[in-house]
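Student: Handing you this structure, nothing more for now.
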Amino acid sequence: MGAKASKKKGLSKEDLEFLRANTNYSVDTITSWYRGFREDCPDGKLTPDSFMQIYGNSFLTGNAKEFCDHVFRTFDRDQNGFIDFKEFLLAIHVTSSGTPEDKLNWAFSMYDV
């Protein structure tokens, strides 16, 4: 039981290895992102409302809610209604460091309703 409790508080070794293999981020960068994510989302879940509060102000023109809904849907890969850290970091990677093809595929998937 103690092992499960401690696993919940930190990034699991499996998740760290997965993110290391599927992004170009170092272990230090991943753990830094994780600390920030947990500060913003202590329960490890970024909800649509929280996403809108955090990122909605970034989109000053047009319908920010509609745009945030599309972005959230593409980041929530397993469609469980929230973005966990793995989904979050994979999204950050694709949108900021991914190849042009990755970014284009992501942009098209955002509007593939």
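Any read-out appearing in this document is the output of simple, stated calculations on the displayed coordinates, not a laboratory observation. These figures come from a predicted structure and were not determined experimentally. No Cβ is skipped: glycine too gets one built from the backbone with ideal geometry, and neighbour counts run over all protein chains shown.
Student: Which of the aspartates and glutamates could a cross-linker span from residue 65 if the Cα-Cα distance has to be under 18 Å and same-chain partners fewer than 8 positions apart are dropped?
Tutor: Filter leaves 49, 76, 112.
Student: Can you tell me the FRET efficiency between residue 79 and residue 27 if r is taken as the Cβ-Cβ distance and R0 is 22 Å, rounded to the nearest 0.05? If you can, show how the numbers build up before the last one.
Tutor: On the way: r = 29 Å, r/R0 = 1.31.
About 0.15, to the nearest 0.05.
Student: Could you work out how far apart the two model spin labels at residue 96 and residue 12 are, taking each label as a point 7 Å from the Cα in the direction of the beta carbon, and quote it in nm?
Tutor: Here the answer is 2.5 nm between the modelled labels.
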